[in-house]
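Undergrad: Before I ask anything, let me first share the structure, which is written out below as structure tokens.
The values are calculated or read from the model by the stated rules, or taken from the named source; none is laboratory data. Here the structure is a predicted model, which is why all the values come from computation and not from measurement. With ideal geometry, Cβ positions are generated from the backbone for all residues, glycine too; neighbour counts draw on all protein chains shown.
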Amino acid sequence: MKKILLILILFTSLTAVYAQQAGSMSGVVTATDGSPVAFVSIVLKGTSHGTSTNDKGHFRIGRIKPGTYTVTVAAINIVSQEKEVSIAAGQNTIINFNLDLNTSQLQEVRVNARTNSVKMDNPSQSLRLQEPLLQVPQNVQVISNQSLREQQIISMSDGLIRNVSGAVRLEHWGDLYTNITMRGSQVQAFRNGFNVVSSYWGPLTEDMSFVDHIEFVKGPAGFMLSNGDPSGLYNVVTKKPTGQTKGEVSFTTGSFNLNRATLDLDGKLNKDGRLLYRLNVSAQNKGSFRPNEFNDRYAIAPVISYQVDDKTKVTFEYNYQRAKMSDVGSYYLFSKKGYASLPQNATQLPSGLQPTIINDHSFTINLQHQLSNNWRLTAQAARYIYSQNGTSMWADTVFADGRYVRTAGIWEAESNLSLAQAFINGKVVTGSVVHKILGGIDMADKKYVADYAQTKSLDTKANPFNPNDPAQFSLNNPANGYPTFDRTLNLEARAAAGFGLINSRYTSLYIQDELGFFENKIRLTLAGRYTYVQNSDFGATVSAKHFTPRVGLSVSVDDQTSFYGLYDQAFTPQAGARLINGGTVKPLTGNNLEFGLKRDWADGKWNTTFAVYRILKNNEAAADVSSTPQNPVSFLLGQKRAQGLEFDLRGEILPGLNLTANYALTDSKVTKVGDAPSTIEVGAVVPGYAKHVANAWLTYKLQGGVLRGTGISAGTTYLAGRQTDTWSVGLQRLPDYAKLDGGLFWEGSKMRITANAFNILNKFTYSGSYYAYLQAYYWQADAPRNYRLSIAYRF
């Protein structure tokens, strides 16, 4: 014990002596207009010392040996700047930099920095906010491009949600659409600031080849929308030109015959750098652990931006995705015996059923104009065109012995979205108060036309499908043959006859003033949105107009800590005429009351967010137990309440050690009974969430030595108290869910090799529910243990 004590005393003494002998350096980097320059690199030439500025432009480097050094400030697409600095023992030397950057260059610096860290400090411009996330009075979590690469995420439905507290997926739907729920309800899907939801089953999951990062906004977020669910939204931000000439090619292979290649080209189309381009291309063939299933995807995403002058920039973007996949309902299995009562690789898909073909196009033009040093105008318009032709399988009759009759329904659909928005950001100073102004208009015209009313049984009751017989998985001769659907009428006529017309139009005006007091230490947000919406669905058309206020308060305790409070509202007209008790529905209204604490640690290298919330939703139309995909029927809840707490951590904890971890507690109950079945009472659980959700993803990369760049990763997902099923109540509840992933990687200056194993413990995990009208359980199994290997080369 004495020897250990002596060693500790000696170690402490040596550390103190070294600290006295070493010096440090700190400072701030600003642009010519005084704006902080975040995410630029600060390096002492000829040494291993380096760091980057935080969101306020500040930096600090400690434990520097005394002497004279050259300090370099550098970032992509800016001219580097150097200064000499003398470091004295035991002293901190202050050195500041002022860079000649315009607004567009500042934005490019932020965009480029997003690829180098799992922690991002600023929202994208498409979220319209003018402040770092630390100061936003709302829980906003951002999944960076670095996280997407480390975890080998290839689409929106591919393990992405482990990076966000409380996010779960109810069902998989074959990578057709993502369907994420948070805070007890399904959240809205956005892309580059546009609400791209056109129906209950959209949009098509984005391929990660053209995605830069994804922003998750918890709560109504009136600055983005009011005619959406108050639980929140996710915003997919696509890759844009950076002005740097570079490229990357990657290849991924893995279990179930996965082969995937991507190409990312980024550069200049003229010498002065005013005309830039970005091109992303991907091609994928992918099988499944179940027989006969496949998911082949192709994507191409060219982007061109033109800097008209120092104040104006125009960006043109086109995204095309093509999917050829097996029947999207084949992932289901049905049984009266309970969940997972069939083998994990069991399938109901016959080998001869025609595939589903999807073509998804989007065109976007974005204009940014710097009106003055303090005012900026952003305007953009988009056109989304989607077509789908395929089938969706379900069960018609389930027998006690486990056999059942499979039904294939047509799913032919077209979607056309015309979207436009314009908003202005500005700053006004009145005395000691700084006003950050946001105002804008959003408009949309969405049309979804689908024929999903035609169905045909593949089997007969006399000769049903037997899922207990593996030999039937490969058979190409269902007893009743394959379906031939009637396409005599055009799609729109068939859709009208089968409740397949879903249209929505809205116009929204938004104004917000964030008042900064005491040198912006206290920020009060006062805002409101006026929205007119007209929705058509199930043969009925409803319209509504509504004003939704927003009040937020954010207080900075110091430069790295803030706490906030928020009250925000949302509303959505519901056009469901098919109510179980007849009548028409009222608009859904909701509000969110939220409090939170945010903190950056270790000079901004990692951060934590803690939030508590309560969401009330009134007059929500919910699917009845008799509802099926071909025959949707709803009832009205009087009011439901979702409440809970969320914790998120992300960033570099120690040199080379990155961690993303989160936990959420969610509880959703009926607080008022509306026009609902008698079985639903006050206090009843509202399905659509997991009570406890915990996730983590950790990576460690060696910073020196022969194995420099070599790393290890590990990730976990845990769900308990799952309430992700429907209002139907069987004898079994969904069990707890646990999954372990992990792998190895090596990264050099040009190349990265990543190998991951998923579901390492080979657990039989699944999601599903109980259908009362079938008196049977259904579920979708996750993949057993599987592997991926990726090689990426930068040039």
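Undergrad: What pairs come up if the first residue lies in the stretch 37-60 and is at pLDDT below 80, the second is among the charged types (D, E, K, R) and not in a strand (DSSP E or B), and their beta carbons are under 7 Å apart, counting only those six or more places apart or on different chains?
TA: Close Cβ pairs satisfying both conditions: A38/D55; A38/R110; A38/D121; F39/R110; N54/D121; N54/D603; D55/D121; K56/D559.
Undergrad: Can you tell me which of (1) modelled with pLDDT under 95; (2) of a type in the set (G, A, S); (3) in contact with an Asp or Glu (Cβ under 6 Å, 6 or more places away or on another chain); (4) more than 29 Å from V405 (Cβ to Cβ) is the one G748 doesn't meet?
TA: Only one criterion is unmet by G748, namely (3).
Undergrad: Now for a different question. How many residues are of a type in the set (D, E, K, R) and within 30 Å of F399 (Cα to Cα) when one looks only at the stretch 750-771?
TA: Residues flagged as of a type in the set (D, E, K, R) and within 30 Å of F399 (Cα to Cα) within the stretch 750-771 amount to 1.
Undergrad: Considering only the stretch 26-57, state which residues are in a strand (DSSP E or B), crowded, with 17+ Cβ neighbours inside 10 Å and more than 29 Å from the chain's Cα centre (by Cα).
TA: The answer is S26, G27, V28, V29, T30, A31, I42, V43, L44.
Undergrad: I need a count of the residues in the stretch 175-201 that are in contact with a strand residue (DSSP E or B) (Cβ under 6 Å, 6 or more places away or on another chain) and either farther than 22 Å from G222 by Cα or in a helix (DSSP H, G or I) (or both).
TA: Looking only at that region, the number is 2.
Undergrad: Among the listed residues V706, V685, V670, which satisfies the condition of being outside the structural domain of G174 (by TED's automatic domain parsing), under 30 Å from G656 (Cα atoms), at pLDDT below 95 and not charged (D, E, K, R)?
TA: V706
Undergrad: Let me ask something else. Considering only residues of the stretch 359-373 that are in contact with an Asp or Glu (Cβ under 9 Å, 6 or more places away or on another chain) and either assigned by TED's automatic domain parsing to the domain that holds E171 or without any contact (Cβ under 8 Å) to a residue 60 or more places away in the chain (or both), which is farthest from S415 (Cα to Cα)?
TA: I365
Undergrad: With a cut-off of at least 2 residues that are more than 30 Å from R523 (Cβ to Cβ) and touching a helix residue (DSSP H, G or I) at 6+ places or on another chain (Cβ under 8 Å), name the strands (runs of 3 or more DSSP E) lying wholly within the stretch 394-507.
TA: In the stretch 394-507, the matching strands (runs of 3 or more DSSP E) lie at 404-430, 433-451.
Conditions (1) closer than 30 Å to K337 by Cα; (2) surrounded by fewer than 19 Cβ atoms within 10 Å (Cβ to Cβ), marked per residue:
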{"site": "R733", "(1), (2)": "yes, yes"}
{"site": "D741", "(1), (2)": "no, no"}
{"site": "A755", "(1), (2)": "no, yes"}
{"site": "S769", "(1), (2)": "yes, no"}
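Undergrad: Is it the case that the stretch 140-160 has a residue that's modelled with pLDDT of 90 or more, hydroxyl-bearing (S, T, Y), touching a Phe, Trp or Tyr at 6+ places or on another chain (Cβ under 8 Å) and within 29 Å of P355 (Cβ to Cβ)?
TA: No, every residue in the stretch 140-160 fails to be modelled with pLDDT of 90 or more, hydroxyl-bearing (S, T, Y), touching a Phe, Trp or Tyr at 6+ places or on another chain (Cβ under 8 Å) and within 29 Å of P355 (Cβ to Cβ).
Undergrad: Let me ask something else. May I ask you to list the residues in the stretch 208-235 that are in contact with a Lys or Arg (Cβ under 6 Å, 6 or more places away or on another chain), part of a strand (DSSP E or B) and crowded, with 24+ Cβ neighbours inside 10 Å?
TA: Hit for the stretch 208-235 is G232, nothing else.
Undergrad: Just one of I502, I441 is touching a Phe, Trp or Tyr at 6+ places or on another chain (Cβ under 9 Å), in contact (Cβ under 8 Å) with a residue 60 or more places away in the chain, farther than 30 Å from Y332 by Cα and β-branched (V, I, T); which is it?
TA: Result: I441 is the single residue among I502, I441 that is touching a Phe, Trp or Tyr at 6+ places or on another chain (Cβ under 9 Å), in contact (Cβ under 8 Å) with a residue 60 or more places away in the chain, farther than 30 Å from Y332 by Cα and β-branched (V, I, T).
Undergrad: Another question, if that's okay. Filter the stretch 406-447 for residues that are of a type in the set (A, V, I, L, M) and closer than 30 Å to L491 by Cα and give the result.
TA: Residues satisfying the conditions are A408, I410, A413, L417, L419, A420, M443, A444.
Undergrad: Right, here's the next one. Would you mind stating whether T391 is of a type in the set (V, I, T), crowded, with 16+ Cβ neighbours inside 10 Å, in a strand (DSSP E or B) and modelled with pLDDT of 95 or more?
TA: It is false that T391 is of a type in the set (V, I, T), crowded, with 16+ Cβ neighbours inside 10 Å, in a strand (DSSP E or B) and modelled with pLDDT of 95 or more.
Undergrad: Right, here's the next one. Condition first: in a helix (DSSP H, G or I), in contact (Cβ under 8 Å) with a residue 60 or more places away in the chain and over 14 Å from the mean Cα position of the chain (by Cα). Can you find one or more residues in the stretch 147-170 that meet it?
TA: Yes - at least one qualifying residue is present in the stretch 147-170.
Undergrad: Suppose we keep only residues that are without any contact (Cβ under 8 Å) to a residue 60 or more places away in the chain and not aliphatic (A, V, I, L, M) within the stretch 444-458. Which one would you say is surrounded by the most Cβ atoms within 10 Å (Cβ to Cβ)?
TA: D451
Undergrad: Something else now. Going residue by residue through the stretch 418-428, is there one that turns out to be charged (D, E, K, R), more than 23 Å from the chain's Cα centre (by Cα) and either surrounded by 22 or more Cβ atoms within 10 Å (Cβ to Cβ) or within 28 Å of T32 (Cβ to Cβ) (or both)?
TA: Looking through the stretch 418-428, at least one residue is charged (D, E, K, R), more than 23 Å from the chain's Cα centre (by Cα) and either surrounded by 22 or more Cβ atoms within 10 Å (Cβ to Cβ) or within 28 Å of T32 (Cβ to Cβ) (or both).
Undergrad: Go through the stretch 744-765 residue by residue and tally those that are among the β-branched types (V, I, T) and under 15 Å from T252 (Cα atoms).
TA: 2
Undergrad: Please go through the stretch 70-87 and pick out each residue that is more than 43 Å from the chain's Cα centre (by Cα) and either outside any strand (DSSP E or B) or not hydrophobic (A, V, I, L, M, F, W, C) (or both).
TA: Listed by number, the residues that qualify are E84, S86.
Undergrad: Test D513 against the stated conditions and say whether it is touching a residue at least 12 places away in the same chain (Cβ under 8 Å), surrounded by 19 or more Cβ atoms within 10 Å (Cβ to Cβ), touching a strand residue (DSSP E or B) at 6+ places or on another chain (Cβ under 8 Å) and closer than 30 Å to F223 by Cα.
TA: Criteria not met by D513.
Undergrad: If you take the residues in the stretch 235-265 that are without any contact (Cβ under 8 Å) to a residue 60 or more places away in the chain and of a type outside the set (D, E, K, R), which one is farthest from R794 (Cα to Cα)?
TA: Only one residue fits best here, namely N257.
Undergrad: If you check every pair at least six apart or on different chains, which have Cβ atoms under 8 Å apart with a residue in the stretch 760-780 that is over 12 Å from L333 (Cβ atoms) and charged (D, E, K, R) first and a residue that is assigned to a strand (DSSP E or B) and at pLDDT 90 or above second?
TA: Pairs found: K763/A738; K763/K739.
Undergrad: Now a separate question. Restricting the search to the stretch 631-665, which residues are farther than 30 Å from N54 by Cα and either in a strand (DSSP E or B) or at pLDDT 95 or above (or both)?
TA: Those that are farther than 30 Å from N54 by Cα and either in a strand (DSSP E or B) or at pLDDT 95 or above (or both): N631, S634, F635, L636, Q639, K640, R641, A642, Q643, G644, L665.
Undergrad: Across the stretch 237-264, what is the number of residues that are more than 22 Å from V79 (Cα to Cα) and assigned to a strand (DSSP E or B)?
TA: 16
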